[in-house]
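A short write-up of the structure that comes next.
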Amino acid sequence: LDTSKWPRKFPKDIPTQENGYDCGVFAVKFAECAGLDCEMDFSQRDMPLFRKQMVVQLKEVDLDAVDR
């Protein structure tokens, strides 16, 4: 996969983490927004919902298919 032609973006006004334990959720949401080219319009108050959504999404992954 040649990523050399992908545009590099450095957004300035991004959501900020306000605690010491949601860094992973923020990182996943940043990656999701970058991949979908959508606005980063979430905040710390959205993290409880995002954690629940991630659990549901991960539960749906067929780990046998991933291991192949």
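A short reminder: the numbers here are calculations on the coordinates, not readings from a lab. Just so you know, these numbers come straight off a predicted model, no measurement behind them. Every residue, glycine among them, receives a Cβ derived from its backbone with ideal geometry; neighbour counts consider all protein chains shown.
Would you compute, from DSSP H runs of 4+ residues alone, the mean residue ellipticity of the chain at 222 nm, taking -39500 (n - 2.57) per run and dividing by the full residue count, rounded to the nearest 500?
Rounded to the nearest 500, the figure is -13500 deg cm²/dmol.
For the chain, which GluC sites (Glu not before Pro) are in a loop by DSSP, counting at most 11 other Cβ atoms within 10 Å?
When the GluC sites (Glu not before Pro) of the chain are filtered for loop state and at most 11 Cβ neighbours within 10 Å, GLU18, GLU39, GLU60 remain.
Using only the Cα atoms, what convex hull volume per residue in Å³ does the chain have?
Each residue corresponds to 133 Å³ of Cα convex hull volume.
For region 5-66, state which trypsin sites (Lys or Arg not before Pro) are in a DSSP loop and have at most 11 other beta carbons lying within 10 Å of their beta carbon.
LYS5, ARG8, LYS9, LYS12
What residue among PRO11, PHE26, CYS38 has its Cα farthest toward the positive end of the dipole of region 8-68, where the charges are +1 on Lys, Arg and -1 on Asp, Glu, each on the Cβ?
PRO11
Counting only C-alpha contacts under 8 Å and six or more residues apart, can you give the relative contact order of the chain as a whole percent?
So the answer I get is 32 percent.
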